[in-house]
Amino acid sequence: MNIIEKAKSHGSRTAIVGEGKSYSYKALLKVSESIASHLLKDGGDLLEKRISFLIAPSFNYTAVQWGIWRAGGIAVPLCASHPLPSIKYVLLDAQAEMVLVDANYAQFLQPLAEECNISLITIEPLLKSDGKTLPEIDPGRRAMILYTSGTTSKPKGVVSCHHHIEAQIRTLVTAWKWEMKDSILNVLPLHHVHGIINVMLCALWVGASCEFLPKFKPENVWQRLVSGDLTLFMGVPTMYYQLIKYWELASEDEQEFLSEGASKLRLMVSGSAALPESVLEKWRQISGQTLLERYGMTEIGMGLTNPYTGERRAGHVGSPFEGVQIKLVDQQLREVPKGEAGEILIKGPSVFNEYWNKPQATKEAFTPDGWFKTGDMAILNRGSYKILGRTSVDIIKSGGYKISALEIEEVLRDYPGIKDCAVVGLPDEEWGEMVAAALVTEHKRLDPDALAAWLKEKLPSYKVPRKYQIMKDLPRNVLGKVVKTSLKEYFAGENKT
Ligand code: MLC
Ligand code: AMP
């Protein structure tokens, strides 16, 4: 594995910073070797067994990921803020052989591991041991499964081989001029490509350092941005929105101090959801930084980017990364004339091969001649692509997370007193989209608290905000797919009550 070979030459340089400590590449290699040796026990190769793990963003997270890879396993990271039912779904769907946890999560996962008959291993005893001979890992072997929602109600596991991950890293490192002397802050969740590949693995590929904060909090991020220790930052638009809000509430002196600190970074990137022009503009005023917006997806890695040098155009995501082919097509998969909107199709070395154990879904995701259908609409505007939205109204992006409207509708329809419903994403400056539901009810009134409690129980991985609005006087024909678009327009218009 090239990332391991490269790490050997970075030796005593700092690889990871977290919990007030710095860890060298040498330490990362040693500890991941030790984990790999334990995982192998008496065998010589895990042969693509799925090894799941729930570990807080930290040196140990990285060491476990590398340990699984070095032993020949497929790494399946779990989300630390997901509750047991969502974790159970992933463990069973991925047919995980074992789940590795740090001591903090052992108790939390114990009952589930027993129920699913999966061995639960606390990593602390695995961190120190003599290494054994580790297998050679071919780049064509499968390396990672990340779960992502789609138009079907349950998330699908996106399988990446080592060569896909490496292609993604190489592309980003070149396009954004990563260097050994870079240092990046990682506040993104570590069960998605943005945090894992764009931030953590790119840093480790070049010999730079990656600093983890346990959770995104505007005040903590600002503290690190002004520290002078960082050269890079990457986040979803919601994060920049919240950083701006924090700045706006600061005193004038503090604002000056924060602005000066942020202006010193080499590059700040936004992605995973559309960056509102207002956020790009305010951030430029505050920090002097023009955010570099790029477009990507779990299945493809990164596809389009604004330039590192040159004009970063608001509301646009630039042009294809080197090696990436893009075309825009109509519903019959015919390329649209120049300047017209179409669905983005993509080909390239970072595009995945398969959804885990879902051959039909995999087949449907590609055209007969091998282009991946992203489900995103775009238009090419003076050499730069502009994302126009999804082909399906059933996919919502909120806070950078993908959410299936169908999954929420299924749960709402089971609620006593709800006869039918339609869920859509409404535009929102902070969250990108807010989840909204139109309900047809048997009774005049539903108890909103009881409904919120139901949603919390049935959709545990979603945040059910404490505040909600009841919208009334909806047109009678609002439900059904065809009318969802008009429902979006209706909600977004003057009809909010
Ligand atoms: C949280 N809240 C929301 C909400 N999420 N309200 C509306 N819509 C949402 N989506 C509310 C909570 O109810 C709570 O309200 C308050 O916000 C704080 O909640 P929290 O749990 O503390 O939220 P927080 O951790 O701050 O979440 C914000 C975030 C997070 C931006 C840090 O969403 C995040 O990490 N997003 C990144 C996702 C990501 O990495 N995506 C990449 C996918 S890969 P109250 O009232 O209780 O205070 C991909 C490919 C690519 O997309 O291109 O990169
Ligand atoms: P995910 O499946 O979670 O990887 O999310 C990928 C989706 O995020 C894409 O299909 C897009 O819909 C969306 N996305 C990512 N980056 C951008 C961007 N810069 N602008 C608009 N949408 C984006």
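The values are calculated or read from the model by the stated rules, or taken from the named source; none is laboratory data. Here the structure is a predicted model, which means the values were calculated and not measured. No Cβ is skipped: glycine too gets one built from the backbone with ideal geometry, and neighbour counts run over all protein chains shown. Each accessible area value is taken on the protein alone, full model and side chains, heavy atoms only, with ligands, DNA and RNA left out. Shrake-Rupley method; radii C 1.70, N 1.55, O 1.52, S 1.80 Å.
Quick notes on this one:
- Surface composition of the chain: carbon and sulfur make up 51 percent of the accessible area, probe 1.4 Å.
- Per residue, the accessible area of the chain comes to 46 Å² when a 1.4 Å probe rolls over the protein heavy atoms.
- Reachable lysines from residue 8, criterion Cα separation under 19 angstrom, eight or more residues apart if same chain: 26, 30, 128, 132, 181
- Candidate lysines for bridging to residue 419, where Cα separation is under 21 Å - those fewer than 8 sequence places away on the same chain excluded: 444, 456, 458, 472, 481, 484, 488
- In a DSSP loop and with at most 16 other Cβ atoms within 10 Å, the GluC sites (Glu not before Pro) in region 117-219 are 136, 179.
- Region 1-38 and region 409-460: distance between their alpha carbon centers, rounded to Å: 46
- In terms of overall dimensions, region 200-390 has a Cα radius of gyration and Dmax of 18.7, 60 angstrom.
- Once the Cβ-Cβ distance of residue 95 and residue 136 is raised to the sixth power relative to R0 = 25 Å, the FRET efficiency obtained is 0.55.
- Shape category assigned to region 46-123 from the gyration tensor of Cα positions, a/c cut at 1.5: oblate
- Highest mean packing first, where packing is the average number of other Cβ atoms within 10 Å per residue, the peptides 68-75, 187-194, 456-463, 339-346 line up as 68-75, 187-194, 339-346, 456-463.
- Here the relative contact order of the chain, from alpha carbon pairs under 8 Å that lie six or more residues apart, stands at 11 percent.
- DSSP beta bridges fully contained in region 243-331 are about 75 percent antiparallel.
- Available extension along the chain between residue 12 and residue 129 is 40.1 nm, counting 0.36 nm per residue and deducting the alpha carbon span.
- Summed residue charge, Cβ within 9 Å of residue 313's Cβ, Lys/Arg positive, Asp/Glu negative: +1
- Prolate/oblate/rounded label for region 91-177 (Cα gyration tensor, a/c 1.5): oblate
- Antiparallel bridges, percent of DSSP beta bridges restricted to the chain (to nearest 5): 65
- When only alpha carbons are used to place a centre, region 233-261 and region 323-352 end up 37 Å from one another.
- Between residue 252 and residue 219, the FRET efficiency from the beta-carbon distance, with R0 = 22 Å, is close to 0.80.
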